[in-house]
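Below is a structure I'd like to ask you about.
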Amino acid sequence: MPRTSRYARDVAVVAFAQSDHLRRTDELSEVEMVMPVLHEVLAATGLKAGEIGFTCSGSSDYLAGRAFSFTMTLDGVGAWPPISESHVEMDGAWALYEAWVKIQTGEADTALVYSYGKSSPGSVRDVLTRQLDPYYLAPLWPDSVALAALQARALIDAGETDEAALGAIAARSRAAAEDNPHAQLRGDVPRGEYQVAPLRTGDCPPIGDGVAAVVLAAGDTARRLCGRPAWITGIDHRIEAHGLGLRDLTDSPSTRLAAERAGLFEAPVDTAELHAPFSSQEVVLRKALGLAEGDAVAVNPSGGALAANPVMAAGLIRIGEAAARIHRGASDRAVAHATSGPCLQQNLVAVLEGDPA
Amino acid sequence: MTAAPPPQVLRAPLVVEFPFTRSLGPVQSAFLTGLRERVVLGVRTGDGRVMVPPVEYDPVTAEEIRELVEVAPAGTVTTWAWNGDPRPQQPLATPFAWVLVRLDGADTAILHALDAPGPDAVRTGMRVRIRWAADRTGAITDITCFEPEENGGDGGDGGAATPHDGAFADPVTGIVAEARLDYTYSPGRAQTAYINALAERRTVGERCPSCHKVYVPPRGACPTCGVATTDRVEVGPAGTVTTYCIVNIKARNLDIEVPYVYAHIALDGADLALHGRIGGIPYDQVRMGLRVEPVWTDGGRYPDHYRPTGEPDADYDAYKELI
Ligand SMILES: [Zn+2]
């Protein structure tokens with residue numbers, strides 16, 4: 001049984017799969033890239049596609065420049081005749097949230113959640129400017145690295161970090177990724193030149209293509225499908241103002257509030273998978289989640305988004321990686337975080353727990 | 001996924017342009033019209049703070065806010081980042097600093113570029129002022145960038161916000177938000193095989209290993225079974241019109257006389273109809289069941305159109321599942 005039960009139904013992540021994350025996948029269409037991961041995650045549960053109660057995906061057409069690309073990837077699910085299905089133009093972590101709500105309503109007992117990003121056909125730094133306010137920001141084309149660099153400078157000015165500490169976060173992440181066969185960047189990665197100072201190449205995530213998928217299940221179904229389900233004992237997402245000049249970029253009140261609502265602070269965690277594409281953003285998230293340097297919590301043991309950052313999938317991967325550690329007994333209580341928007345504008349926090357051994 | 005792409009990946013440039021026309025509403029209209037007149041406006045939020053640039057709803061309470069104020073065209077850098085390698089559509093072509101600037105009289109900061117000789121000339125707290133564009137239309141780009149204020153020093157606050165009615169002659173009520181993104185398109189495994197076969201004037205679909213349906217053009221997966229389509233199957237060349245429409249409006253950039261017929265065509269051996277133009281027959285004589293074959297033109301990478309084969313029409317039962 002989950003330690004805490006604040007919701008109508010107990011829902012768990014029962015399986016997780018991801019692709020290898022690669023700089024380019026030119027030889028594959030999006031559905032060809034997604035399909036093997038869908039098969040892998042279903043095989044882990046023994047479920048067939050037709051036995052899934054609800055399917056929800058997250059992706060963005062802007063990444064590969066293909067209109068309605070998510071309808072093409074649905075071919076890989078076996079969506080005809082029509083299944084109960086939905087899509088979010090967001091990271092798959094929010095697709096997972098929608099699926100979790102669907103199960104809470106009682107309309108489904110199982111859900112397949114997947115997300116993918118194929119950034120290689122375009123220029124993702126420029127593409128991401130199109131998510132910004134179209135009146136005041138988008139006409140200036142401030143790219144994702146530039147906005148993160150403004151946040152990093154604010155943190156340095158506030159005495160919260162310095163460039164050496166940021167380099168250490170990047171190095172720790174890529175060292176951890178040595179044990180992650182799916183990672184795109186691992187081991188000794190040079191800090192590199194400034195991209196937009198104070199951020200160097202090493203402080204930025206790799207650009208690449210990748211896929212992630214999880215299966216959710218409720219109650220006894222979860223116990224049947226998984227030896228040690230990763231119960232979602234809390235999940236919440238919160239957003240801040242869009243204007244960067246309205247926010248304190250050195251803090252993340254939306255992350256903190258989501259964590260409170262998810263019950264994070266009610267008990268300690270042993271694992272944190274944080275969606276911090278830039279080294280400086282880990283500093284902000286640690287502060288918001290109360291994760292001090294040097295304490296016992298394993299932060300991003302997968303290497304995090306600094307090791308692989310398939311846009312639209314990297315947040316779902318955090319939930320999947322945290323759940324996988326519970327599945328294999330490496331964690332008893334973990335926090336997973338996903339972000340969306342510039343400078344950690346919107347944040348989702350999930351608390352995952354395994355049954356006592 | 002395989003790590004190394006096979007040698008013959010097809011690539012083509014793909015340009016996506018989306019010039020959205022956006023209306024502004026009263027607050028953003030006043031702000032952008034103000035920029036055209038070299039006046040910077042903010043809006044007072046519910047808790048009395050002055051927000052620049054202004055929006056129509058309070059960021060905390062979501063209440064409608066309309067009380068406009070004028071602030072100074074100079075202010076203080078609150079954070080910055082040095083952009084040594086500007087990207088094509090950014091405000092300045094030479095290296096510059098991205099800055100958040102709190103204008104005098106404002107409580108929030110505005111994002112823009114700062115023209116400075118190098119990162120050593122920029123610091124948080126420095127004084128900057130707006131450099132106005134020569135041609136101003138009522139857009140955020142009416143501000144070319146910020147520039148360091150002469151004898152500026154650090155900090156300081158040159159004044160308070162003053163009330164403003166937001167009224168200007170000939171207000172700007174909308175903007176056209178231009179955007180262009182450039183991609184390099186690759187079609188993937190199944191469609192690459194399809195395109196390569198077309199180059200040899202053959203139409204090759206793929207069969208689902210589970211339900212045995214043949215998809216033309218292949219998309220790589222069977223939407224019924226959710227598995228990869230694997231076996232390549234040459235279909236056609238002839239096929240049957242399953243349904244059609246008569247096009248009466250001339251398309252831009254298309255040199256085809258109207259009216260003409262556009263049809264769904266089930267090629268022999270295919271379990272999915274593709275579409276193409278029907279020629280070689282008056283438009284009002286095209287019918288369901290008509291047997292057609294492709295017509296290739298020199299250098300064409302796909303059939304230019306389909307024309308009647310002269311065979312008897314197909315029986316309805318033979319294609320009714322493909323409509
Ligand atoms: Zn099939």
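Each row is one residue, and each column tells you yes or no for (1) within 10 Å of chain A (Cβ to nearest Cβ); (2) over 27 Å from the mean Cα position of the chain (by Cα); (3) of a type outside the set (Asp, Glu); (4) part of a loop (DSSP other than H, G, I, E, B).
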| site | (1), (2), (3), (4) |
| --- | --- |
| B:48 | no, yes, yes, yes |
| B:54 | yes, no, yes, yes |
| B:59 | yes, yes, yes, yes |
| B:62 | no, yes, yes, yes |
| B:82 | yes, yes, yes, no |
| B:94 | no, no, yes, yes |
| B:97 | yes, yes, yes, no |
| B:107 | yes, yes, no, yes |
| B:116 | no, yes, yes, yes |
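For residue A:333, work out the one condition from (1) touching a Ser or Thr at 6+ places or on another chain (Cβ under 9 Å); (2) surrounded by 24 or more Cβ atoms within 10 Å (Cβ to Cβ) it doesn't fulfil.
Among (1) touching a Ser or Thr at 6+ places or on another chain (Cβ under 9 Å); (2) surrounded by 24 or more Cβ atoms within 10 Å (Cβ to Cβ), the lone unmet condition for residue A:333 is (2).
Could you identify the single residue in B:249, B:278 that is surrounded by fewer than 14 Cβ atoms within 10 Å (Cβ to Cβ) and more than 16 Å from the ligand (Cβ to nearest atom)? So that I can check it myself, show each step before the final result.
Numbers: B:278 fails: surrounded by fewer than 14 Cβ atoms within 10 Å (Cβ to Cβ).
Exactly one of B:249, B:278 is surrounded by fewer than 14 Cβ atoms within 10 Å (Cβ to Cβ) and more than 16 Å from the ligand (Cβ to nearest atom), namely B:249.
Looking at segment A:52-69, which of its residues are more than 17 Å from the chain's Cα centre (by Cα), of a type outside the set (Gly, Ala, Ser) and more than 12 Å from every other protein chain (Cβ to nearest Cβ)? Step through it out loud before you land on a result.
Going through segment A:52-69, the residues more than 17 Å from the chain's Cα centre (by Cα) turn out to be A:52-55, A:61-62, A:64-69.
Within this subset, residues satisfying the condition of being of a type outside the set (Gly, Ala, Ser) are A:52, A:54-55, A:61-62, A:66, A:68.
Those that are more than 17 Å from the chain's Cα centre (by Cα), of a type outside the set (Gly, Ala, Ser) and more than 12 Å from every other protein chain (Cβ to nearest Cβ): A:54, A:68.
Answer yes or no: is there a residue in segment A:14-29 that is under 23 Å from residue B:224 (Cα atoms), within 14 Å of chain B (Cβ to nearest Cβ) and out of contact with any strand residue (DSSP E or B) (no Cβ under 7 Å at 6 or more places or on another chain).
Within segment A:14-29, one or more residues are under 23 Å from residue B:224 (Cα atoms), within 14 Å of chain B (Cβ to nearest Cβ) and out of contact with any strand residue (DSSP E or B) (no Cβ under 7 Å at 6 or more places or on another chain).
So, residue B:299, is that one modelled with pLDDT under 95 and buried (at least 18 other Cβ atoms within 10 Å of the Cβ) or not? Walk me through it before giving the result.
On the way: modelled with pLDDT under 95: yes; buried (at least 18 other Cβ atoms within 10 Å of the Cβ): no.
Considered against the rule, which asks whether it is modelled with pLDDT under 95 and buried (at least 18 other Cβ atoms within 10 Å of the Cβ), residue B:299 comes out as no.
Quick one: in segment A:78-102, of everything that is more than 14 Å from chain B (Cβ to nearest Cβ) and of a type in the set (Asp, Glu), which residue is nearest to the chain's Cα centre (by Cα)? Give the derivation first.
Narrowing segment A:78-102 to residues more than 14 Å from chain B (Cβ to nearest Cβ): A:84, A:86-102.
After this cut, where a residue has to be of a type in the set (Asp, Glu) as well, the list is A:89, A:91, A:98.
Values: A:89: 14, A:91: 7, A:98: 15 Å.
The residue in question is A:91.
Follow-up. Does residue B:18 satisfy being facing another protein chain (nearest Cβ under 9 Å), farther than 30 Å from residue A:194 by Cβ and surrounded by fewer than 19 Cβ atoms within 10 Å (Cβ to Cβ)? It would help to see each step written out before you state the result.
Numbers: facing another protein chain (nearest Cβ under 9 Å): yes; farther than 30 Å from residue A:194 by Cβ: yes; surrounded by fewer than 19 Cβ atoms within 10 Å (Cβ to Cβ): yes.
Spelling it out, residue B:18 is indeed facing another protein chain (nearest Cβ under 9 Å), farther than 30 Å from residue A:194 by Cβ and surrounded by fewer than 19 Cβ atoms within 10 Å (Cβ to Cβ).
So, one more: When you go through (1) within 7 Å of chain B (Cβ to nearest Cβ); (2) touching a residue at least 40 places away in the same chain (Cβ under 8 Å); (3) within 30 Å of residue B:98 (Cα to Cα) one by one for residue A:75, which number turns out not to apply?
(3)
Out of (1) facing chain B (nearest Cβ under 8 Å); (2) of a type outside the set (Val, Ile, Thr); (3) out of contact with any Leu (no Cβ under 8 Å at 6 or more places or on another chain); (4) buried (at least 19 other Cβ atoms within 10 Å of the Cβ), what's the single condition that is false for residue A:132?
It is condition (1) that residue A:132 fails.
Moving to a separate point now. Is it the case that some residue within segment A:66-85 is within 24 Å of residue A:276 (Cα to Cα) and at pLDDT below 95? If you could, list the steps in order and put the result at the bottom.
In the first step, residues of segment A:66-85 are kept if they are within 24 Å of residue A:276 (Cα to Cα); the result is none.
The answer is no, given that none of the residues of segment A:66-85 is within 24 Å of residue A:276 (Cα to Cα) and at pLDDT below 95.
Inspect segment A:186-200 for any residue being surrounded by fewer than 18 Cβ atoms within 10 Å (Cβ to Cβ), more than 17 Å from the chain's Cα centre (by Cα) and in contact (Cβ under 8 Å) with a residue 40 or more places away in the chain and give the result as yes or no.
Narrowing segment A:186-200 to residues surrounded by fewer than 18 Cβ atoms within 10 Å (Cβ to Cβ): A:187-188, A:190-193.
So of that shortlist, the ones also more than 17 Å from the chain's Cα centre (by Cα) come out as A:187-188, A:190-193.
After this cut, where a residue has to be in contact (Cβ under 8 Å) with a residue 40 or more places away in the chain as well, the list is none.
No: zero hits.
In addition: Can you tell me which residue among B:272, B:267, B:254 is among the aliphatic types (A, V, I, L, M) and within 16 Å of the ligand (Cβ to nearest atom)? So that I can check it myself, show each step before the final result.
On the way: B:267 fails: within 16 Å of the ligand (Cβ to nearest atom); B:254 fails: within 16 Å of the ligand (Cβ to nearest atom).
Sole residue among the options that is among the aliphatic types (A, V, I, L, M) and within 16 Å of the ligand (Cβ to nearest atom): B:272.
May I ask you to verify whether residue A:147 is under 21 Å from the mean Cα position of the chain (by Cα), within 10 Å of chain B (Cβ to nearest Cβ), in contact (Cβ under 8 Å) with a residue 40 or more places away in the chain and buried (at least 22 other Cβ atoms within 10 Å of the Cβ)? So that I can check it myself, show each step before the final result.
Details: under 21 Å from the mean Cα position of the chain (by Cα): yes; within 10 Å of chain B (Cβ to nearest Cβ): yes; in contact (Cβ under 8 Å) with a residue 40 or more places away in the chain: yes; buried (at least 22 other Cβ atoms within 10 Å of the Cβ): yes.
Spelling it out, residue A:147 is indeed under 21 Å from the mean Cα position of the chain (by Cα), within 10 Å of chain B (Cβ to nearest Cβ), in contact (Cβ under 8 Å) with a residue 40 or more places away in the chain and buried (at least 22 other Cβ atoms within 10 Å of the Cβ).
Looking for something buried (at least 19 other Cβ atoms within 10 Å of the Cβ), of a type in the set (Ser, Thr, Tyr) and not in a helix (DSSP H, G or I) - is there at least one such residue anywhere in segment A:86-108?
no
Being within 16 Å of the ligand (Cβ to nearest atom) and either in a strand (DSSP E or B) or not assigned by TED's automatic domain parsing to the domain that holds residue B:271 (or both) is the filter here, so list the residues in segment B:164-223 that pass it.
B:205, B:206, B:207, B:214, B:215, B:221, B:222 - these are the residues of segment B:164-223 that are within 16 Å of the ligand (Cβ to nearest atom) and either in a strand (DSSP E or B) or not assigned by TED's automatic domain parsing to the domain that holds residue B:271 (or both).
Then there is this: From the set of residues in segment B:224-236 that are within 12 Å of the ligand (Cβ to nearest atom) and either among the basic types (Lys, Arg) or assigned to a loop (DSSP other than H, G, I, E, B) (or both), which is farthest from the other protein chains (Cβ to nearest Cβ)? Give the steps one after another, and end with the answer.
Kept after step one, since they are within 12 Å of the ligand (Cβ to nearest atom), are these residues of segment B:224-236: B:224-231.
Checking the rest, the ones that are also either among the basic types (Lys, Arg) or assigned to a loop (DSSP other than H, G, I, E, B) (or both) come to B:224-226, B:229-230.
Numbers: B:224: 5, B:225: 5, B:226: 3, B:229: 9, B:230: 12 Å.
Within segment B:224-236, the match that is farthest from the other protein chains (Cβ to nearest Cβ) is B:230.
Can I ask one more? Could you list, in sequence order, the residues of segment A:52-68 that are assigned to a helix (DSSP H, G or I) and free of Cβ contacts under 8 Å to residues at least 40 places away in the same chain?
Initially, segment A:52-68 is screened for residues assigned to a helix (DSSP H, G or I), giving A:61-64.
Passing the criteria: only A:61.
State whether the residues of segment A:161-183 include one that is under 22 Å from residue A:348 (Cα atoms), part of a loop (DSSP other than H, G, I, E, B) and of a type in the set (A, V, I, L, M, F, W, C).
no
The values are calculated or read from the model by the stated rules, or taken from the named source; none is laboratory data. Note that the structure is a prediction, hence the values are computed from the model and not measured. Ideal geometry is used to build each Cβ from the backbone, glycine not excepted, and the neighbour counts take in all protein chains shown.
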